[in-house]
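The values are calculated or read from the model by the stated rules, or taken from the named source; none is laboratory data. Fair warning: this is a prediction, and the values are worked out from it, not measured in the lab. Cβ placement follows ideal geometry from the backbone for every residue including glycine, while neighbour counts extend to all protein chains displayed. Just so you know, the surface numbers come from the protein's heavy atoms only, side chains and all, with ligands and any DNA or RNA stripped out. Shrake-Rupley method; radii C 1.70, N 1.55, O 1.52, S 1.80 Å.
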Amino acid sequence: VRHIGPYVGDETLFKRLFEQICLWAGARSLINGNSEFFAVYHDDPEITKDEKLRVSVGVTVPEGTRGDSKVSVMRLDGGRYAVAHCRIAKSGEFLSAWKALCGEWLPQSGFQPDDRLCFEQYLNDPEQDPEGIIVVDMCVPVKPL
């Protein structure tokens, strides 16, 4: 499910997008114990105007699954990624975690970003966590300098 427009720190928006993808996939019996959930970032919020930002949220589906007018199917490219494993207590911490990964770690790493998309892979359901913690891997595609 793709959203175009402001999204940074908008917990309500992400909740709505994930509910939409879960309803779609659940109605097709595509969610199971092996399902993985993602948010894919198509633009850099430091560069792109808020009204033009694009984010896609999704769940893994079997090969050959077809989308429809509301949901499309996309493939995340493999390769080398820098991965920051984070425990996020509230949505406002996402931006600071991304800034630490891209603004602090990356410049000193010997790597540079490549042309693939950045994404977050969610490793738990914060609704089921007693403290509402979101466990997430933040993934930046990289190549050597």
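What GluC sites (Glu not before Pro) in region 3-38 are in a loop by DSSP, with at most 16 other Cβ atoms within 10 Å of the Cβ?
E36
Can you compute 3J(HN,Hα) from phi for each residue in region 42-53, using the Karplus curve 6.51 cos²θ - 1.76 cosθ + 1.60 with θ = phi - 60°, rounded to whole Hz and x for Gly and Pro?
Going residue by residue, I get 8, 9, 8, x, 7, 10, 7, 4, 3, 6, 10, 5 Hz, with x marking Gly and Pro.
Go through (1) 16.9, 49; (2) 17.8, 58; (3) 15.4, 46 and flag the label whose value is the computed Rg and Dmax of the Cα atoms in Å for this structure.
(3)
Rounded to the nearest percent, how much of the accessible area of region 1-51 (1.4 Å probe, protein heavy atoms only) is carbon and sulfur?
In region 1-51, the share of accessible area belonging to carbon and sulfur is 51 percent.
Quantify, in whole percent, the carbon and sulfur part of the accessible surface of region 77-145 (1.4 Å probe; protein heavy atoms only).
Summing carbon and sulfur atoms, their accessible area is 52 percent of the total for region 77-145.
Quick one: what are the phi-derived ³J(HN,Hα) couplings along region 72-88, Karplus 6.51/-1.76/1.60 with θ = phi - 60°, whole Hz, x for glycine and proline?
Per residue, the Karplus-derived 3J(HN,Hα) values read 10, 9, 10, 10, 8, 6, x, x, 7, 10, 7, 10, 9, 8, 10, 10, 9 Hz.
For a test of understanding, tell me how many lysine pairs in the chain have Cα atoms under 28 Å apart, given they are 8 or more places apart or on different chains.
So the count works out to 15.
Given a 1.4 angstrom probe, what's the average accessible area per residue across region 53-145, in square angstrom?
On the way: 5720 Å² over 93 residues.
Computed with neighbouring chains in place, this is 62 Å² per residue.
Could you pull out which residues in region 28-59 have an amide N less than 15 Å from a spot 7 Å beyond the Cα of A97, following the Cα-Cβ vector?
37-41
Counting only helical runs of four or more DSSP H residues, what would the 222 nm mean residue ellipticity of the chain come to if each run contributes -39,500 (n - 2.57) and the total is spread over all its residues?
Values: 2 runs with 25 residues, N = 145.
Rounded to the nearest 500, it is -5500 deg cm²/dmol.
Can you give the extra length, in nm with one decimal, that the chain gains between Q112 and D68 once fully stretched, where that is 0.36 nm per residue apart less the Cα-Cα distance?
Working: separation 44, 0.36 × 44 = 15.84 nm, distance 3.58 nm.
That pair, Q112 and D68, stretches by 12.3 nm at full extension.
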